[in-house]
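J.: This is the structure, below, for whatever I ask next.
The values are calculated or read from the model by the stated rules, or taken from the named source; none is laboratory data. All values derive from a computational prediction rather than experimental measurement. Here Cβ is always computed from backbone atoms with ideal geometry, including for glycine, and neighbour counts include all displayed protein chains. Each accessible area value is taken on the protein alone, full model and side chains, heavy atoms only, with ligands, DNA and RNA left out. Shrake-Rupley method; radii C 1.70, N 1.55, O 1.52, S 1.80 Å.
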Number of protein chains: 2
Amino acid sequence: MRIEDEIQQKDFKDDHRRMVVNLLFTNNWLNQQFIPFFKQFGLTLQQHNVLSIVRGQQPKPVCFGEVQERMVDRNSNVTRLVDKLIEKGYVTRDICQANRRMIELRLTPKGTELLSQIDEQMPTFFHRFHNLTQEEAVLVSKLLDKLRG
Amino acid sequence: MRIEDEIQQKDFKDDHRRMVVNLLFTNNWLNQQFIPFFKQFGLTLQQHNVLSIVRGQQPKPVCFGEVQERMVDRNSNVTRLVDKLIEKGYVTRDICQANRRMIELRLTPKGTELLSQIDEQMPTFFHRFHNLTQEEAVLVSKLLDKLRG
DNA sequence: GTACATTATTTGTGTATACAAATATTAGTA
DNA sequence: TACTAATATTTGTATACACAAATAATGTAC
């Protein structure tokens, strides 16, 4: 459905404005897809992002700063996200002995297990994004990279 | 900058996953552009969206349901957004006499004035999105429309 | 080794989001 | 007219975001 019809706005000032509104709108649509998906597993999008980052560095532990740098949403508050993940038993937090300002984050077996469960569901979940061909998906990524400069 | 470098993730499972992450990341980047821009005027992105919608229907008043349908971010709570706008004196809220469940929203002269001020700054602000040509901007919109189906 | 800057994380605060439930008004129906 | 359903908005609540300030540990210069 065209963005003009989605938000019932007949005419945009120019094509760049239409594109920006479309990006914002599409992001909300994306969130509406992701929120219930991760909710099944008791996670938010950002919590899952943190878990994935910790897993990605295994077997090395990860500190908060590294997590922040790699997060898709940089504005998330890593301390409070991790608090939730510890409560749920998916990660552990230890003070780094080499530099006691730093925190070492590690995935627990329970966290590893949860991520595998989610991985299993991912291919099915991602079917909904296959309205675009592989070539088009590559093109969108290229254009977004170019947009941000 | 390529999304792989932005979030330091070497390899995505496939092109659709890279695209989705890129969309989420780009949306955060977009927000970081818009938040300070609207903050100059004491508004949030959603508050500005509401004001624009009310102006778009002038001289007819607008009810909350219409605003919700036309908002780029449908999850916003119109009641509470409008509370803020009334506090600041940019809109008025009246009970519709024909159907007293409904609310009539109208822009005040102060609201009209604020929107004009913002309009003046818009072209300059949007320069930062001209890394893409007009053709590319059109293409992105088309692809996003197709993605959502 | 003391003072000051730097780095890493935490906390505080106001605002916003997500979602469910509540309230109020109108419409439809027996 | 009373009962029920539908519509429009509001409220409640837990969580999350944006941003500034605070805390804590380390590094560096003198």
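J.: As an exercise, use a Förster radius of 35 Å and the Cβ-Cβ distance of A:ASN77 and A:LYS142 to find the FRET efficiency, rounded to the nearest 0.05.
T.: The pair A:ASN77/A:LYS142 has a calculated efficiency of 0.65.
J.: Please work out how much length the chain gains when fully extended from B:GLN117 to B:GLU69, using 0.36 nm per residue of separation minus the C-alpha to C-alpha distance, in nm with one decimal. Walk me through the intermediate numbers first.
T.: Working: separation 48, 0.36 × 48 = 17.28 nm, distance 2.58 nm.
Additional length available on full extension: 14.7 nm.
J.: I'd like the interface area for chains A and B: accessible area of each alone minus the complex, both sides summed, 1.4 Å probe, protein heavy atoms only. What is it in Å² to the nearest 100?
T.: Details: alone 10730 and 10730 Å², together 15610 Å².
Rounded to the nearest hundred, the buried surface is 5900 Å².
J.: While we're on this one: Rounded to the nearest 500, what is the 222 nm mean residue ellipticity of the protein assembly as shown from helices alone, with -39500 (n - 2.57) per DSSP H run of 4+ residues and division by all residues?
T.: Helices in the protein assembly as shown give a 222 nm mean residue ellipticity of -19500 deg cm²/dmol.
J.: How big is D, in µm² s⁻¹, for the protein assembly as shown by Stokes-Einstein at 4 °C and 1.567 mPa s if Rh is the Kirkwood radius over C-alpha pairs?
T.: 61 µm²/s
J.: Leaving out ligands, DNA and RNA, and with a 1.4 Å probe, what % of the accessible surface on the protein assembly as shown is carbon or sulfur?
T.: Carbon and sulfur: 50 percent of the exposed surface of the protein assembly as shown.
J.: Follow-up. Ordered shortest first, which distances in nm separate the 7 Å Cα→C-beta label point of A:THR112 from those of the other copies?
T.: 6.7
J.: Separate question: How shielded is A:1-13 by partner chains, expressed as the average number of their Cβ atoms within 10 Å of its Cβ atoms? Please list the in-between numbers first.
T.: Details: counts 4, 6, 6, 2, 1, 6, 7, 5, 5, 1, 0, 1, 4.
Mean inter-chain Cβ contacts per residue within 10 Å come to 4.
J.: What residue of chain B has the nearest C-beta to the axis that moves B onto A, and what is that distance in Å, given as a whole number?
T.: Axis-proximal residue of B, distance in whole Å: B:ASN27, 2.
J.: In addition: Could you work out how far apart the two model spin labels at B:ASP14 and B:GLN58 are, taking each label as a point 7 Å from the Cα in the direction of the beta carbon, and quote it in nm?
T.: Placing both labels 7 Å beyond Cα along the Cβ direction yields 5.0 nm.
J.: Under 5 Å between amide H atoms, partner at least 5 residues away or on a different chain: which partners does B:CYS63 have, H built in plane at 1.01 Å?
T.: Long-range HN contacts for B:CYS63: B:LEU105.
J.: Packing-wise, with mean Cβ within 10 Å as the measure, how do B:17-30, A:6-19 rank, highest first?
T.: Values: B:17-30: 20.1, A:6-19: 15.6.
Going by the mean number of other Cβ atoms within 10 Å, highest first, we get B:17-30, A:6-19.
J.: Okay, moving on. Read phi for every residue in the range B:10-17 and hand back ³J(HN,Hα) as whole Hz from Karplus 6.51 cos²θ - 1.76 cosθ + 1.60, θ = phi - 60°, with x for Gly and Pro.
T.: After applying 6.51 cos²θ - 1.76 cosθ + 1.60, I find 5, 9, 8, 4, 7, 5, 5, 5 Hz.
J.: Going by Cα centres, the range B:18-60 and the range B:97-113 are how many Å apart?
T.: 22 Å
J.: Classify the range B:17-59 as rounded, prolate or oblate, taking a ≥ b ≥ c as the square roots of the eigenvalues of its Cα gyration tensor: rounded when a/c is under 1.5, otherwise prolate if a/b is larger than b/c and oblate if not. All intermediate terms of the calculation are to be shown ahead of the outcome.
T.: Working: a/c = 5.36, a/b = 1.86, b/c = 2.88.
Here the range B:17-59 falls in the oblate category.
J.: With a 1.4 Å probe and all protein chains left in place, how much accessible area per residue does the range A:13-145 have, in Å²? Display every interim value, and only then the final one.
T.: Values: 6800 Å² over 133 residues.
Accessible area per residue: 51 Å².
J.: Taking amide H atoms as placed 1.01 Å from N in the peptide plane, list the residues 5 or more away in sequence, or in a different chain, whose amide H sits under 5 Å from that of B:MET102.
T.: B:CYS96
J.: Separate question: From the phi of every residue in the range B:116-124, what ³J(HN,Hα) in whole Hz does the Karplus formula 6.51 cos²θ - 1.76 cosθ + 1.60 yield, where θ is phi - 60° and glycine or proline is x?
T.: 5, 4, 5, 3, 4, 7, 4, x, 5
J.: How large is the Kirkwood hydrodynamic radius of chain B, counting all unique pairs of alpha carbons, in Å?
T.: Numbers: mean 1/r = 0.0561 Å⁻¹.
Final number for the Kirkwood radius of chain B is 17.8 Å.
J.: Here is a follow-up. Convert each backbone phi in the range A:126-143 into a coupling constant with the Karplus relation 6.51 cos²θ - 1.76 cosθ + 1.60 (shift: θ = phi - 60°), then list the ³J(HN,Hα) values in order as whole Hz, x for Gly and Pro.
T.: Here the 3J(HN,Hα) series is 6, 3, 5, 9, 8, 5, 9, 6, 4, 4, 5, 4, 4, 4, 4, 4, 4, 5 Hz.
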